[in-house]
Amino acid sequence: MAESTTRDLVALTSGMFEVPGGTAWSQGAVVDTFTAFYAPDVVWESVGLGTTFKGLEASREFLGDWMARFEDYEIDIEEIEDLGNGVVFVKSGHAGRPIGSPAHVRLPREVLVNVFVWERGLITHVVSSGDTPEARVGAERL
């Protein structure tokens, strides 16, 4: 893969995690931003939940339902790496305040790994899991 393509995939993937100005992660605009490059037949595997979502609409519904549980939600990228062959590895921290909770109540920060497989300019496969050595090995296998 050419160097400029590598940089583009990292930039595109990183951009998915940027919250549009004036919105919160729990708002619908973020789901639009996060899924803007998903293929119509994308497959999202959620290892932690033990389930798979097939198709863009199912992925968008899952993300929308997840984000709707929070008054605010924060994601910060700790690591992002192009593993070659269209595979991008992202390690990120997640924290939030459930709807209806007092301002001082927040879920503990959780570190997650997402692996995105890009083909022909679109994401065709997502694998989401906890931050484990197996997650990185699985990403490198893709």
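Derivation of every value follows stated rules applied to the coordinates shown; laboratory data play no part. As the structure is a computational prediction, the values presented were derived from the model and not from experiment. Glycine gets a Cβ as well: all are built from the backbone with ideal geometry, and neighbour counts include every protein chain shown.
The share of Cα pairs per 10 Å bin across the chain, counted from zero up to the longest distance, runs 12, 42, 37, 9, 1 percent. The relative contact order of the chain, computed from alpha carbon pairs under 8 Å that lie at least 6 residues apart in sequence, is 23 percent.
Per residue, what volume in Å³ does the Cα convex hull of the range 83-130 take up?
Details: hull volume 4.3 nm³, N = 48.
It is 90 Å³ per residue.
Helix 3-16 and the longest principal axis of the Cα set of the chain meet at an angle near 20°. Entry note, the range 78-142: relative contact order of 28 percent, from Cα contacts under 8 Å with a spacing of 6+ residues. Charged neighbours of Arg136, selected by a Cβ distance under 12 Å, balance to -3 (K, R count +1; D, E count -1). Remark on the range 30-95: ratio of C-alpha radius of gyration to 2.2 N^0.38 Å is 1.19.
Taking every alpha-carbon pair under 8 Å whose residues sit at least 6 apart, the range 31-88 reaches a relative contact order of 24 percent.
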